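Undergrad: This structure is in structure tokens; I'll ask about it shortly.
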Amino acid sequence: MRKLQCAKDEASLAPWAGRGNPHFHETFCRITAINVKRGLVGTDERRDVMAETGVLTAHDLAKRQREISVAEFFTKNRHLLGFDNPKRALLSAVKEAVDNSLDACEEARILPTVEVAVRQLAEDRFVIKVRDNGPGILKSQVPRIFGKLLYGSKFHRLRMARGQQGIGISAAGMYGQLTTAKPTTVISRCSASKPAYKCQLFIDSRTNEPKVVAEEEIQWDIERGTEVEIELLARYQKGRQSVDEYLYETFLANPHLTLRYQPPEGEPVSYERITEKLPAQPKEIRPHPYGVELGALLEIAERTKARNVKTFLMTEFCRVSERVATELLQKAGLPDTLRPSRLKRPEGEKLIEAIAQTKIMAPPSDCIVPIGEQYLQSTLESLVKADFYTAVTRSPSVYRGNPFLVEAALAYGGELPLDEPARVLRFANRVPLLYQQSACAITRSIATTVWKSYGVQQPGGSLPVGPLLIAVHIASVWVPFTSESKEAIAHYDEIIKEMKLALQECGRRLGRHIRKGRREAEAQRKRSYIEKYIPHIGIALRELLDLSEEQERRVCTRLGELLERSRS
Amino acid sequence: MADIVKKLKETGKDVYDRAIQGKKPSLSFPVRSLSNVKYHPKRGFFEIRGSRTTRTFSYATVKTFAQTLRMISESKKLVETDDLATKREVYYISKNWADARFDEQAESDTVMDDIEAMYGVNREQLGFIPEEKGGEVAGRLFIIDRDRDTGRRLRIDCTRFGSGAYSIPISVEHLDFETNAKFILAIETAGMFQRLAKHNFWRRADCILISMGGVPTRACRRFIRRLSEIKKLPVYAFVDGDPYGFCNIYRTLKVGSGNAVHINQYFCVPEARFLGVTPQDIIDYELPTHPLKDVDIKRAKDALKNDPFFKYYKEWQQALEQMIEMQVRAEQQAFAKHALNHVIDVYLPEKLAHPEKFLP
């Protein structure tokens, strides 16, 4: 694989490739696939002939082949990041900024207060401004964080966070600069004792380097925090896929967040935190052997400080004890004393095979922090007036060596619409997902759960229909999205299985509620029979037998008693 | 009359007494269905086997209980005042019953049939009359009736209705007959009846034509029964060649129905025989056909499996099986393919020459 320029730069700043995350390959293979082209090999004579006929030779092609920067690549493939249309661009820009703010606050153990403003400048021209009370960003890091794609603190670690690749906020800035030719403005301050630093910057899309156009120290009435402002081509629209909805759902999934929002039109909106308790700090973990692929394994081996392959396995991966390491090496037929740097492809393949054949303890689960049943349920309670709420948090599980955890909650009845497909709220690491519902593993899990047995209608193979709202949250050190715009969760069997188990538990509870409701309605209906029908029996008997009014009343009373006593 | 009123009151008394004693009242009816009939040609009609259902007062039955008792009460009023109400009128009377009213006439008809069966009487005896007409008659027959106002004897000549016909009244018990016809031809459709009447087929064949208009009403069945019995006339049925014509129209004419199991004895024509259209006729006369629908096939198979009448006669089983195998049906009017009067000039004379070959 040819390394990209930016990748090299980053490697010098942080050991980026070291963690062997499988998604690292997925992301970059896609980029380099465009870069790597195979040339034709031919003799000079042939080359002449081909030149005349317009056929290109390897040499001609070589002249055209050059490096593509990640920034350049994303300029042309902005849909991968969620900037494919003006409406979605507005949402994506806000989302990236807010996600970053929340991650930063939580990591610094600060209760987040985030202010979002969206201002309309012209028909299709907007400015978004997101300000947090987070730890701030060092002056030297500001340009790289906002002016360089694939730069960040999160990609290299296996740790539950909202952002993953370090693409988001700089991509938003780049989209802004592409569509309006305006720079991204950042103000940040790390403490009250330090001045605030303001900077305006562009991204050089060819080199993927930040280009600072103005910087200064300013007076800022904020003690600590970061503010980012981006002007961009966009469209503002309310509804299920709007900035408004995104912010609201973000608040629902983050009960410790205070959020103030000034929409382009209308009154400001304010959400106050429900709890002062920050979610537990997710722990960072080493990769689990089950998730490692050959290339990643070799790269980790190249970089490790371990002197032999046994120590290498025990220090670079989680859940590899001495016993497991010995077993792995035995199965792979490798000596314990082998130097990791001597671990090449054939040895690596043997090792990967040995991993597959060995039972290794699941990765630790304290690295993922759920929202919690209680908060999930109160979230739904604040969202809709319903008759029934429930929430389930599953215990952690593993897909491809990555621990993850699923939570599901549902609300039923009340003011929810009767005859529409269930409304679905999807969350990944506390981030609401608003696009690509049908491509998402959450939707698939809901649609393949059999809701009929819980008393809810369901047209074959689709979402259940009824007064139903379903929320599903997946938390993981690495949430597998189907694309970098992070809108749909990939269909891993293990994930779908966990989601279905959570949904089924919710469903069973719902089923009990619905059945209870039906029994009560039935009892009510039966009681009404006494008033509805028995008087007619009285009338008929009076007419037939010339009964007195007293007799008629008596027989009606008796019949009513008889019914109440009867079971059926 | 007093007799029926007494019976109605007894039902009310029983319900009342049990309720006052704190016991659940119940109503009991014969089961009205084919499963509760037996057939023997000596007796000639679908006889009741004796199964009964008992409707005990409960949440599930309270509504029907109220409706049944209210209808019994209506019946008592009608009989006592010597009045009549049509089935449709009874349905409308129930609209006064608030929550106990009938939503569809089919519901009130069912309750009426239950009451009828409960007392083993004809609905006319309860003061209820049907809507539908009884059928039409043309041919060599004098009907002896009474003038409604004067009570004078009326002698109605059924040859003298011109392009019209005599209409069978709802009640036929008081009628008398004079005729020298040789047989009665009972015809399914009004269209075929018109053709035969218009061309005075009754004169050529020396017969009485009766149009049934689909499944014959009770009045029509009773009329044919009395006429054939009093005048010792054979009855030949001429209906469409399809499972409905065999299993519903002809079967009901001859032996009655499962639904009216309690009164079949009076409302059937055991002497009736089946002239056509038979499955074999479809082949012999090269009739144009329609494919059998799923409901037709189901009807025929049901009859073979569950209908005591068809289970009794081998000839009929063969005919039904032949039809199922042919997968087609033919209507009476299909003879028009050959010529409009082909049925008069060829089909009926040929068939009538051999009544012994008719299906039972």
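Each reported figure results from applying straightforward, stated rules to the coordinates on display, with no laboratory input. This is a predicted model, so every value here is computed, not measured. Ideal geometry is used to build each Cβ from the backbone, glycine not excepted, and the neighbour counts take in all protein chains shown.
Undergrad: Which order do peptides B:222-230, B:197-205 fall in by mean Cβ count within 10 Å, highest first? Walk me through the numbers on the way to the answer.
TA: Working: B:222-230: 21.0, B:197-205: 16.7.
Ranking, from highest mean packing down: B:222-230, B:197-205.
Undergrad: For A:His288, A:His473, what ranking results if the residue with the fewest other Cβ atoms within 10 Å of its Cβ goes first? Don't skip to the end; give the middle numbers.
TA: Working: A:His288 24, A:His473 28.
Arranged by neighbour count, lowest to highest, A:His288, A:His473 become A:His288, A:His473.
Undergrad: Expressed as a whole percent, how much of the Cα-Cα distance distribution for region B:136-357 exceeds 30 Å? Walk me through the intermediate numbers first.
TA: Values: 5669 of 24531 pairs.
Roughly 23 percent, rounded to a whole number.
Undergrad: In region A:373-514, what % of DSSP beta bridges are antiparallel (nearest 5)? Please list the in-between numbers first.
TA: Details: 24 of 30 bridges.
Here the share of antiparallel DSSP bridges comes out near 80 percent.
Undergrad: Between B:Leu359 and residues 5 or more places away or on another chain, which pairs have amide H atoms under 5 Å apart, with H built 1.01 Å from N, and which residues are they?
TA: B:Phe274
Undergrad: Here's another thing I want to ask about it. Taking the Cβ of B:Val31 as the centre, find all other residues whose Cβ is under 15 Å away and add up their charges (Lys, Arg: +1; Asp, Glu: -1).
TA: Numbers: positive: B:Arg32, B:Lys38, B:Arg49, B:Arg52, B:Arg55; negative: B:Glu47, B:Asp113, B:Asp114, B:Glu116.
Summing Lys and Arg as +1 and Asp and Glu as -1 gives +1.
Undergrad: Still on this structure, I have one more. Can you give the average number of partner chain beta-carbon atoms within 10 Å of each beta-carbon in peptide A:242-250, as a whole number?
TA: Values: counts 0, 0, 0, 0, 0, 0, 0, 0, 0.
Partner-chain Cβ atoms within 10 Å, mean over residues of A:242-250: 0.
Undergrad: Tell me which of A:Ala196, A:Gln237, A:Cys367 sits at the most positive position along the dipole axis of chain A, charges placed on C-beta atoms (Lys, Arg +1; Asp, Glu -1).
TA: My answer, from the dipole projection, is A:Cys367.
Undergrad: I need the peptides A:58-65, B:237-244 ranked by packing, meaning the mean over residues of other C-beta atoms within 10 angstrom, with the highest value on top. Walk me through the numbers before you get to the answer.
TA: Details: A:58-65: 12.1, B:237-244: 23.9.
Put in order of decreasing packing, that is B:237-244, A:58-65.
Undergrad: Moving on. Taking the Cα atoms only, what angle lies between the long axis of helix A:86-107 and the longest principal axis of chain A, rounded to 10 degrees?
TA: 80
Undergrad: Moving to a separate point now. Mind checking B:89-100 for the average number of partner chain beta-carbons within 10 Å of each residue's beta-carbon?
TA: Working: counts 0, 0, 0, 0, 0, 1, 0, 1, 5, 4, 7, 8.
Averaged over the peptide's residues, the number is 2.
Undergrad: How much of the DSSP bridge set in the protein assembly as shown is antiparallel, in percent, rounded to the nearest 5?
TA: 75
Undergrad: OK, next. For region B:88-159, compute the orientation-averaged projected area of the C-alpha convex hull (one quarter of its surface), in nm².
TA: Numbers: hull surface 29.3 nm².
Spelled out: convex hull of the Cα atoms, projected over all directions, averaged, 7.3 nm².
Undergrad: Counting only C-alpha contacts under 8 Å and six or more residues apart, can you give the relative contact order of chain A as a whole percent? All intermediate terms of the calculation are to be shown ahead of the outcome.
TA: Working: 1081 pairs, mean separation 68.0, N = 568.
Relative contact order here is 12 percent.
Undergrad: Using amide H atoms built in the peptide plane, which far-off residues or other-chain residues are under 5 Å from A:Phe388 H to H?
TA: A:Tyr412
Undergrad: Now for a separate question. How big is the gap, in Å, between the Cα center of region A:544-568 and the Cα center of region B:207-280?
TA: When both Cα centres are located, 46 Å separates them.
Undergrad: Could I ask something else about it? With viscosity set to 1.567 mPa s and temperature to 4 °C, compute the Stokes-Einstein D of the protein assembly as shown, Rh being the Kirkwood radius across alpha carbon pairs; µm²/s, no decimals.
TA: Details: Rh = 36.8 Å.
It comes out at roughly 35 µm²/s.
Undergrad: List the pair-distance distribution P(r) of region A:300-358, using every Cα-Cα distance, as the percent of pairs falling in each 10 Å bin from 0 up to the bin containing the longest distance, rounded to whole percents.
TA: Percent of pairs per bin, in order: 26, 65, 9.
Undergrad: Using a 10 Å cut-off around each Cβ, can you sort B:Val295, B:Val328 from fewest to most neighbouring Cβ atoms?
TA: Values: B:Val295 10, B:Val328 17.
Fewest to most other Cβ atoms nearby, the residues stand as B:Val295, B:Val328.
Undergrad: When we measure straight from the Cα of B:Lys182, which aspartates and glutamates land under 20 angstrom away, once same-chain ones fewer than 8 places off are left out?
TA: B:Glu136, B:Asp157, B:Asp206, B:Glu229, B:Glu271, B:Asp345, B:Glu350, B:Glu356
Undergrad: Show me, for region A:431-448, the HN-Hα J-couplings you get by feeding each phi into the Karplus relation (A = 6.51, B = -1.76, C = 1.60, θ = phi - 60°), rounded to Hz, glycine and proline as x.
TA: 9, x, 10, 10, 10, 6, 4, 6, 8, 8, 4, 5, 4, 4, 5, 5, 5, 8
Undergrad: What are the ³J(HN,Hα) couplings of region A:185-195, residue after residue, when phi is run through the Karplus curve with 6.51, -1.76, 1.60 and θ = phi - 60°? Round to Hz, x for glycine and proline.
TA: Values, residue by residue: 10, 10, 10, 8, 9, 8, 7, 5, 7, 10, x Hz.
Undergrad: To one decimal place, what Kirkwood hydrodynamic radius in Å is obtained for region A:338-385 from all pairs of distinct Cα atoms? Kindly include the intermediate steps, with their values, before the conclusion.
TA: Values: mean 1/r = 0.0654 Å⁻¹.
Every distinct Cα pair counted, the radius reaches 15.3 Å.
Undergrad: Other chains' Cβ within 10 Å of B:59-72 residues: what's the mean? Display every interim value, and only then the final one.
TA: Working: counts 13, 4, 2, 13, 4, 1, 6, 11, 4, 2, 8, 7, 1, 4.
Per-residue shielding by partner chains comes out at 6.
Undergrad: Mind listing which trypsin sites (Lys or Arg not before Pro) in region B:242-303 are in a DSSP loop and have 13 or fewer other Cβ atoms within 10 Å? Don't skip to the answer; put the middle values down first.
TA: Values: sites: B:Arg251, B:Lys254, B:Arg273, B:Lys293, B:Lys298, B:Arg299, B:Lys301; in loops: B:Lys293.
Filter output for region B:242-303: B:Lys293.
Undergrad: Further question on the same structure: Roughly how many debye, to the nearest 20, is the charge dipole of the protein assembly as shown about its Cα centre, given +1 on each Lys and Arg Cβ, -1 on each Asp and Glu Cβ, and no other charges? Provide the component values of the computation, followed by the final result.
TA: Working: 142 positive and 121 negative charges, 402 e Å.
The dipole of the protein assembly as shown has a size of about 1940 debye.
Undergrad: So, one more: With θ taken as phi - 60° and the coefficients 6.51, -1.76 and 1.60, list the Karplus ³J(HN,Hα) couplings across region B:202-214 in order, rounded to whole Hz; mark glycine and proline as x.
TA: 4, 6, 4, 9, 6, 8, 10, 9, 10, 8, 8, x, x
Undergrad: In straight Cα distance, which lysines are under 21 Å from A:Lys516, not counting same-chain residues fewer than 8 positions off?
TA: Leaving aside lysines fewer than 8 places away in the same chain, those within reach of A:Lys516 are A:Lys385, A:Lys452, A:Lys526.
Undergrad: Amide H of B:Tyr285 versus every other amide H placed in the peptide plane: which residues, excluding those fewer than 5 positions away on the same chain, fall under 5 Å?
TA: Result for B:Tyr285 returns nothing.
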